[in-house]
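Undergrad: Let me begin by handing over the structure; questions about it come next.
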Amino acid sequence: MTIDENFDLKGIMKNYLLSQKDVGKIVGVSRQFIGSVLSGKKSLSPDKKKVLLDYLSYNSKYELETSVDYLRIRLKTLKWFEVIEDLLFMDSNLFNIDVSSMHNYNMSMSYGSIRILRHSENIDMGTLVEFNGGGCREFEQELKDQDRTWKQFFQDCFHFSMKKKQVTNFEDLDDYLKFTRLDLATDEMYSKKGNYNLRKLYDKMLAGQIQTPFRQFSSNESFLYRDGEFISTGLSLYFGSRKSKSIYINFYEKDKEQSMARNLFVDEIHELYGYKNRYEIRLFGDKATQVIFDFWYNDILLQNLAGQIISHYLDIKDDTGNWDIEWLDVFGSDKSYGFVNKPREVSYDRTLKWLDSSVFASLKRNLEIDRLTGSRKTMDLFHEKELDEKNQNLVDSIVKQKKERAFYDNFHEMIELEYD
C-alpha cells in the first residue's frame, strides 16, 4: 500500500474490520478524532497514514499453532447418554462410571480424559461435558475419525441444543446451552533465527510500557539443581487473577517447562517437539460462549481470535511509546477483539442455510409420508403453529429490509438504464 491522495480510511477500516477505537489506538489519537476524519472535518497527517499502513503490513514472523486446550459445556438435560451418543458421536458403553465426581455434580463417567458429569436431580445443573488438555487431544482424534472438526462440533452443539429445546433462534438457548470455560493455547514454535524473549514483557510491564485493564500481574520462575548448576524451569507471566471467572492470560517458556517435565535438555525439546513459548487464554461464561460463536458462526480462525483477544487486553509499546515491533512479529498486526454484552444477531440468510441443512430434509420426508398415506398431519401442524411476538417482530424487520433493498436495487437499475 502507498500513501497518496486516494488514501481511503473508510475502505481500509472495512477491509481490515477495524473500529474507530482500533485505528485511534494504532496511530495514537482519540476515537473521536478518527470520527472527525471519517466525517471530513479533520484529516490524518501523512505520518499518521504511514503509521497505520506500516502497522497493517505486519504479519507473524514465527510459526504459531493455536488449539483448544480446555473446554466445558453445560447442557440443561439429565439425559447424558443422549449427549454422548448424539452430540459427541461416541459409544456410551466405552465410558466408565467414576467413583468420585466434581464441580458439585454427584454422578460422573469418563473415557480417558473425557469426562461427563450429571446431577441426578438438578435440571439447572444438567449435564457437563469436560475436556482437559489431554481430553481435547483425545477428542480431536475422535473428531478426525468422525470426519468432523472443532468448528463442526461447535455447530453441532448449537443445533443439538436447538433441536432438544425446540427453538429456531440461537439466542433462545441461553438457559439450555452454556460454554462455561474455554482455554485457547498458542504455541510459538522454536526458530533457529530466534524467538520472542518473554523477559522483555516482564520488563515492559514493570516499566509501564504495557497498557492493560488487568489490575493484577504476577510472575514466577523457579530453578532446579541439575548437573552441578541451578537450571531455570521457565519464566511464567500471569495477567489478571487466577481466580477470575471472566478471563485470565498466562504466557510461559514452554521449552524449559517441558525440559523439566520430560527430563530432557532444552535443545532436545527444540529438536524433538519444536516448542518455545506458549500463550494461553482462559475464558469463562459469556466470554467463552462469544468466542466459540465467533469461531463457528463468524468464521474467524482460532489463531486470529487468540491474537485479537491478547491485543484487546495488552497494548504493548516500545521505548518511544509506539507499538512494539518485536511483539508484532509474534502475532502480527490484528484488530482488538470486541467483547460485547449482548447476543449476536443471526442473519436471515444464515438461518436459511441452517434450515436447508437441518430442517427442510425432515419436513420433506414427513410431507412425502403424508402424500403416500393420504394424511394431512404435517400441513395441519404447520398451519396451526402461530408466531410469537419476538418472531413476528423479526419477520417484520426482515421484510422491511428486503423491501428497502429491492427499492434501491430497482432505483440504481433505472439510473443505469437512463445513462446507457
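Undergrad: Kindly flag which residue pairs out of Lys21/Lys61; Lys163/Lys385; Lys76/Lys165; Lys79/Lys163 have an alpha-carbon separation exceeding 21 Å in this structure.
TA: Over 21 Å apart, Cα to Cα: Lys21/Lys61.
Undergrad: Another question about this same structure. As an exercise, take the mean of 1/r over every pair of distinct alpha carbons in segment 94-227, invert it, and state the Kirkwood radius in angstroms.
TA: Final number for the Kirkwood radius of segment 94-227 is 19.4 Å.
Undergrad: Right, something else. Which GluC sites (Glu not before Pro) does segment 116-185 hold that lie in a coil by DSSP with at most 16 other beta carbons within 10 Å?
TA: Details: sites: Glu121, Glu130, Glu138, Glu140, Glu142, Glu171; in loops: Glu121.
Filter output for segment 116-185: Glu121.
Undergrad: Further question: For segment 10-86, what class follows from the C-alpha gyration tensor (a ≥ b ≥ c being the square roots of its eigenvalues): rounded when a/c is under 1.5, otherwise prolate if a/b is larger than b/c, else oblate?
TA: Details: a/c = 4.49, a/b = 2.34, b/c = 1.92.
It is prolate, given that a/c is not under 1.5 and a/b is the larger ratio.
Undergrad: I would also like to ask the following. Rounded, prolate or oblate, given the Cα gyration tensor of segment 110-149, with a/c below 1.5 counting as rounded?
TA: The shape class here is prolate.
Undergrad: Rank-order 291-297, 322-328 by packing density, defined as the average count of other C-beta atoms within 10 Å over each peptide's residues, highest first.
TA: 291-297, 322-328
Undergrad: Counting C-alpha atoms alone, how compact is segment 149-247: give Rg to one decimal and Dmax as a whole number, in angstrom.
TA: 21.2, 66
Undergrad: Between Asp329 and Ser232, what is 0.36 nm times their sequence separation minus the Cα-Cα distance? Round to one decimal in nm.
TA: 32.4 nm
Undergrad: Please work out whether segment 239-323 counts as rounded, prolate or oblate from its C-alpha gyration tensor, where a ≥ b ≥ c are the square roots of the eigenvalues and a/c under 1.5 means rounded, while otherwise a/b larger than b/c means prolate and anything else oblate?
TA: prolate
Undergrad: Now for a separate question. Percent of alpha carbon pairs in segment 1-153 separated by more than 22 Å?
TA: 58
FYI, it's all coordinate maths here, none of it is from the lab. A quick note: this is a predicted structure, and the numbers were derived from the prediction, not measured. Don't worry about glycine lacking a Cβ; one is built from the backbone with ideal geometry, like all the others, and counts go over all protein chains shown.
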